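Participant: There's a structure below that I have some questions on.
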Amino acid sequence: MAVVELFDGRPRARDDRVLALMASLGQALGRVFERDRARHMERQLVQAQKMEALGRLTGGIAHDFNNLLTVIRLQLELLAEGADDPQSVDDLELAKGAANRAADLTRRLLSFSRRSVTEPRATAVPEVLEDLAPMIRRVIGETIEVDLALDEAPRVLIDRGQLEQVLVNLAVNARDAMPRGGRLSFRTCRLEVSPETRLARAGARPGPHAVLEVQDTGVGIPAEVRDRIFEPFFTTKERDRGTGLGLATVHGIVRQHGGAIVVESQVGRGTTFTVALPATAQPPAETLRPPPRPSRGVRDTLLLVDDDPLVRRSLQRSLTQRGFGVLVASRAEEALQLLEKGPPARAVLSDLIMPGMSGAELAREIATRWPGLPVLLMSAYASPALSGGPAPPPGTVFVAKPFVVDEVIQALERALGESGRS
């Protein structure tokens with residue numbers, strides 16, 4: 001059968017085979033498009049799996065390192081208490097400062113691996129940026145000049161680690177846009193956002209905000225991709241040069257804290273990211289939680305449970321120095337035997353992750369067999385929920401490693417108070 005069509009008033013015949021060929025071509029093109037789409041999704045899945053594997057690795061390393069830092073900080077604290085000459089005190093303070101910086105580094109690793117919890121506090125953006133500037137300079141390299149214009153800005157309610165993540169991701173994004181060097185400028189200021197501004201249209205609510213501007217002199221962002229830069233896995237970088245998650249993470253953190261982010265860019269003239277975070281009336285964290293005072297004198301008997309012998313010995317000695325009697329156990333099963341046969345303990349301090357019965361399971365067993373006996377869980381992860389194990393009983397007090405002994409005592413007093421036995 002032939003199909004007859006009119007072209008310019010003259011009849012022309014087109015064989016059915018032509019139609020069949022066109023249909024086959026359309027199907028082939030459809031398969032090609034579908035195959036390309038499947039490959040793209042497969043690449044995204046592989047990238048996500050790589051990020052998940054890397055997160056597990058960094059989380060495990062940070063967990064083990066936090067246990068070591070716990071020992072280091074406790075021992076430095078004990079040495080500092082016995083130091084009497086100024087030079088020894090200065091040396092120990094230097095070592096304690098290095099240990100604190102190492103603890104901050106592991107906190108960032110745990111944040112990357114999603115094994116940390118956020119702690120929003122009243123934070124000054126200029127202060128965080130000033131503290132982070134040396135690290136940013138190391139990350140972006142010597143060919144890029146860094147300028148800081150840190151005008152006064154109101155405090156914002158945000159987790160400091162997440163704010164640092166925003167700053168570093170924006171700096172790395174700018175570095176990649178300046179392969180031959182250039183200038184990276186950070187500016188902070190106070191801004192009253194009004195409804196008609198671009199920031200308001202991007203999601204910022206009217207009112208006082210702390211504003212951060214990050215400007216580079218890089219290659220710029222083409223208009224056709226500008227609306228997609230905050231999409232997860234979207235990247236204009238070469239293969240294996242970017243994950244497509246940096247700006248998506250920045251956008252997510254800013255929006256999570258009630259802020260907004262906008263971008264202005266011209267090809268060949270650089271890019272400016274403007275972040276606005278709402279101001280908070282909450283006072284700085286230092287005034288909310290004053291430094292704990294060392295407590296001394298005769299205290300109650302505690303049961304310490306930890307499978308790491310270094311942590312166990314260090315914390316036992318530190319608590320003994322504070323006047324506590326300390327029973328020790330290396331496993332949860334041993335702790336239960338001590339509670340059954342030994343002298344009564346005022347409270348139990350247990351590591352969260354241990355061979356056999358976990359700290360959370362131990363806490364549940366104690367809640368069943370000895371109601372009212374408070375349990376304090378310790379972990380090198382930032383939260384019991386992030387350890388991957390069973391949940392502890394409701395109301396269980398938790399303290400994250402690495403800590404100093406006064407932080408443990410403070411948490412103990414809170415656990416005793418909540419149990420109604422203080």
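Participant: Per 0.36 nm of contour for each residue apart, how much would the distance between Leu310 and Ala281 grow if the chain were fully extended, relative to their Cα-Cα spacing?
Facilitator: Roughly 6.1 nm would be gained on extension.
Participant: How high is the FRET efficiency from Glu334 to Glu93, r the C-beta distance, R0 30 Å, rounded to 0.05?
Facilitator: Efficiency at R0 = 30 Å is approximately 0.20.
Participant: Extending each Cα 7 Å along its Cβ direction at Val225 and Ala200, get the distance between those two points in nm, one decimal.
Facilitator: 3.4
Participant: Another question about this same structure. With labels modelled as points extended 7 Å from the Cα through the Cβ direction, what inter-label distance (nm, one decimal) is found for Val172 paired with Val139?
Facilitator: If labels sit at Val172 and Val139, their model points lie 0.7 nm apart.
Participant: Moving to a separate point now. Give the order of Val250, Val328 when sorted by the count of other beta carbons within 10 angstrom, beginning with the fewest.
Facilitator: Val328, Val250
Participant: How far is it, in nm, from the label point at Arg31 to the one at Arg180 when both lie 7 Å from their Cα along the line to the Cβ?
Facilitator: 4.6
Participant: In addition: For Asp216, Asp36, what's the fewest-to-most ordering of other Cβ within 10 Å of each Cβ?
Facilitator: The most exposed by this proxy come first: Asp36, Asp216.
Participant: Given R₀ = 51 Å, what would the calculated FRET efficiency be for Glu152 paired with Glu361, taking r from the Cβ atoms and rounding to 0.05?
Facilitator: 0.50
Participant: Can you give me the pair-distance distribution of region 125-283, C-alpha pairs, 5 Å bins, whole percents?
Facilitator: Pairs per bin, as whole percents: 2, 9, 19, 23, 22, 15, 8, 2, 1, 0.
Laboratory data are not the source of any read-out in this text; all were calculated from the coordinates shown. Nothing here was measured: the structure is a model prediction, and the numbers come from that model. Don't worry about glycine lacking a Cβ; one is built from the backbone with ideal geometry, like all the others, and counts go over all protein chains shown.
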